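What follows is calculated from the coordinates using simple rules that are stated; it is not laboratory data. Keep in mind the model is a prediction, meaning the values are calculated, not measured. Positions of Cβ are generated from backbone atoms using ideal geometry, with glycine treated the same way; all protein chains shown enter the neighbour counts.
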Amino acid sequence: MELPKSASVSSLGLEGREADTEYVEQLNFLESSGALDHLSELRKESRELDTLINDAAGLFALTEIEDMLAFVISRLLDRFIPTRCVFLIGRPDGLGVDFYSYRNMKPDDLPFPIEYYALFKDFFAVAPYASSFSAMEERFGPQRFGQDIRSYDPDLLFPMVGIGGLFGVVLLGRKLVGGDYSSLERMYVDRLIRFLSICIQNRLHRERSITDAKTGLFNHNYFMKRLEEEVARVARGRTDSGLIMMDIDHFKIFNDNWGHLAGDEVLRALSRVVKQAIRSEDVAARYGGEEFCILLVECGRDKLVEVAERIRKGIAAMAVPWKGEFLEVTASFGCCPLDPSWRGPGESIVERADKAMYRSKAAGRNRTTIYRFGLLGRATAIRDPCPLGYC
């Protein structure tokens with residue numbers, strides 16, 4: 001044990017042989033009492049906390065859940081490699097659980113038995129703290145856990161808790177090398193997961209504030225904000241974009257015949273068709289009721305119509321299972337190009353696309369109409385005999 005640099009034998013009141021003897025006695029006392037070992041542990045924990053603070057700062061700088069999980073995985077790799085790592089995260093709409101599975105810290109597509117998530121929630125509802133899988137077996141009985149989850153070699157479980165309570169669980173398999181997890185390793189993972197929980201919940205809250213709970217698409221307010229941004233971007237960059245408005249045909253009659261729960265199922269199925277047809281940089285939203293809008297960035301007139309037709313045909317081909325029946329609907333579309341010469345507000349683009357959509361309805365529904373500006377557009381609309389109309 002070294003004395004502080006600022007200290008001296010005389011400053012401690014110790015001189016010569018007497019000082020050496022007293023120093024050795026004090027050192028022996030500290031060693032026999034275990035104080036030196038405790039001090040060493042405190043220093044290790046202090047270093048871990050410094051590392052954790054730096055890691056938390058990096059985690060809070062991320063906005064996407066996938067990036068957050070990748071960051072956590074990279075931090076864990078600095079310490080150990082578990083056989084498995086699974087993140088179970090409840091969806092904001094309450095409709096299911098998303099899972100992210102890693103094997104030897106690499107993404108793995110092995111399906112996780114989601115039915116155990118309810119059991120995990122029951123366990124952590126009593127004590128929302130990190131626990132071992134063996135403790136969970138002791139409470140529920142080993143017979144409650146089949147080979148499907150044992151194949152994940154579960155060892156530790158960490159709850160993800162937010163303002164509304166538990167919304168996720170992290171499962172760690174046993175370490176590949178090095179024996180059991182040390183107390184410092186468990187402490188680090190537990191605290192890192194707490195920071196991760198805050199980051200993910202913030203992301204989910206933001207997602208909930210800008211998305212429609214029923215369909216998972218963006219909501220009206222967020223869409224209008226993005227539309228105004230795109231109008232300004234197009235004016236600056238001299239690039240093309242476009243807007244699609246769509247409305248489900250006779251949806252009120254559909255709901256009267258089948259009920260609103262069936263209607264909700266159709267809305268969700270339709271939303272999946274829309275998401276599959278557009279790029280990640282495009283913006284699809286539920287504008288209101290059965291009306292939807294899609295902003296396609298850097299998209300010319302021909303491509304705008306092509307995407308609208310792809311979605312229209314996809315909706316017409318849907319067969320949504322419902323109580324032994326298959327539900328079918330169609331939709332009418334209106335498109336409005338947004339070119340660099342446009343200087344109006346976003347609402348005007350919506351009005352023109354809406355006008356084109358209602359022309360589709362007037363022409364028989366289940367078709368696409370594109371808005372053309374000026375006299376040329378009106379002349380084209382008069383002489384155009386095909387299902388793809390102009391207004």
How far apart, in nm, are the 7 Å Cα→Cβ label points at residue 316 and residue 341?
-> 3.2
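Residue 213 to residue 51: extension gain in nm, 0.36 nm per residue of separation minus the Cα-Cα distance? Could the numbers behind the result be given before it?
Values: separation 162, 0.36 × 162 = 58.32 nm, distance 3.80 nm.
Separation in residues times 0.36 nm, less the Cα-Cα distance, equals 54.5 nm.
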Please give the peptides 67-79, 351-363 ranked by average Cβ packing (other Cβ atoms within 10 Å per residue), highest first, as a rough proxy for protection.
-> 351-363, 67-79
Top positive-direction residue, dipole computed over segment 220-390 with Cβ charges, set 267, 364, 223 = 364
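Between residue 43 and residue 81, what is the FRET efficiency for a Förster distance of 22 Å, r being their Cβ-Cβ separation, to the nearest 0.05? Show your work: numbers first, answer last.
On the way: r = 26 Å, r/R0 = 1.17.
After rounding, the FRET efficiency stands at 0.30.
Could you compute the FRET efficiency for residue 264 and residue 190, with r as their C-beta to C-beta distance and R0 at 35 Å, rounded to 0.05? Show your work: numbers first, answer last.
Values: r = 39 Å, r/R0 = 1.13.
The calculated FRET efficiency here is 0.35.
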Karplus (6.51, -1.76, 1.60) ³J(HN,Hα), θ = phi - 60°, over segment 76-85, in Hz, Gly and Pro reported as x = 5, 4, 5, 10, 6, 10, x, 4, 9, 9
Can you list the residues, at least 5 places off or on another chain, whose amide H is less than 5 Å from the amide H of residue 240, using H built in the peptide plane?
-> 299
Residue by residue through segment 253-267, the couplings from Karplus 6.51 cos²θ - 1.76 cosθ + 1.60 with θ = phi - 60°, in Hz, x for Gly and Pro, are 5, 4, 5, 5, 7, 9, x, 6, 5, 5, x, 5, 5, 5, 4
Theoretical gain in end-to-end length, residue 220 to residue 362 [0.36 nm per residue, Cα-Cα removed] = 48.6 nm
Ellipsoid equivalent to segment 117-223 - semi-axes via the Cα gyration tensor, in Å | 31, 17, 13
Options 156, 83, 96, ranked by Cα towards positive dipole end of segment 61-210, top entry (Cβ charges) | 156
What spacing in nm lies between the two simple spin-label points modelled at residue 256 and residue 109, each 7 Å away from Cα in the Cβ direction?
-> 4.6
If you line up the Cα atoms of segment 227-307 on their principal axes, what length do they span on each, largest first, in Å?
-> 48, 21, 19
State the extension gain, in nm to one decimal, for the chain segment bounded by residue 206 and residue 137, taking 0.36 nm per residue of separation less the distance between their alpha-carbons.
-> 21.2 nm
Amide H contacts of residue 249 (H built 1.01 Å from N, under 5 Å, at least 5 apart or other chain) = 330, 331, 332
When the label point is put 7 Å from the Cα of residue 326 along its Cα-to-beta-carbon vector, which residues of segment 241-259 have a backbone N closer than 19 Å?
-> 258
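When the convex hull of the Cα atoms of segment 220-390 is projected onto a plane and the area is averaged over all directions, what value comes out in nm²? Could you put the intermediate results ahead of the total?
Values: hull surface 39.2 nm².
Directional mean of the projected Cα hull area for segment 220-390 stands at 9.8 nm².
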